[in-house]
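Here is the structure we will look at.
Bear in mind that the values in this text are calculations on the coordinates, not laboratory data. Computed from a predicted structure; not experimentally measured. Cβ: placed from backbone, ideal geometry, glycine included. Neighbour counts: every protein chain shown.
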Amino acid sequence: MRVWDTESWIANSEDRVAGVIASMRAQGQERTAGIYQGNVYDSRNKKVGGQVYPVVQAWPPAAAVAATQKFIGQRRFREILFRNGLPWVFVFDGLKSADGGSVVIVGDLGAIYERERVLYRSVKSAPKRGCGSRTAAERSGCTIFMETRSRARRAQLRCR
């Protein structure tokens, strides 16, 4: 049986989308959405001077959904790179071969899921020193996309 994700509550902001989709794919889900369309955009027709104009308002999660689709999209999940430690690094194959895949790095899954339910729950993101405010990505533990073009690039990632 293939599961269809309908859990829009989990990725209702731009800082959660990539981490949620990558981790759902790592859990074995193949058909993931992770976010409700109403959290991405709103479309309405407005009448001005007798003329009807279609207006689309894209909300901040729209860019995150687009980036996630570009870097993960229909790629097959391969592995969690560091199985015995952090950071969470999700590796996806390329579309036509294993080369050309993507890597999604998520620092703190406790910022996405309930902290009590994640592995390494006692490890929390450290605040930036000397900076009073943090961006959404920093608050969530930061999600980074990286495209890999060859196995050599993956090997370099493992060594750093």
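Can you figure out the FRET efficiency of Gln37 with Arg117, using R₀ = 35 Å and their beta-carbon distance, to the nearest 0.05?
Values: r = 27 Å, r/R0 = 0.76.
Efficiency, from the Cβ-Cβ distance: 0.85.
For the ranges 60-68, 37-45, 89-97, what's the packing order if you count other beta-carbon atoms within 10 Å of each residue, average per peptide, and put the highest first? Can you show the working numbers first?
Working: 60-68: 18.7, 37-45: 12.8, 89-97: 16.6.
The densest-packed peptide leads the list: 60-68, 89-97, 37-45.
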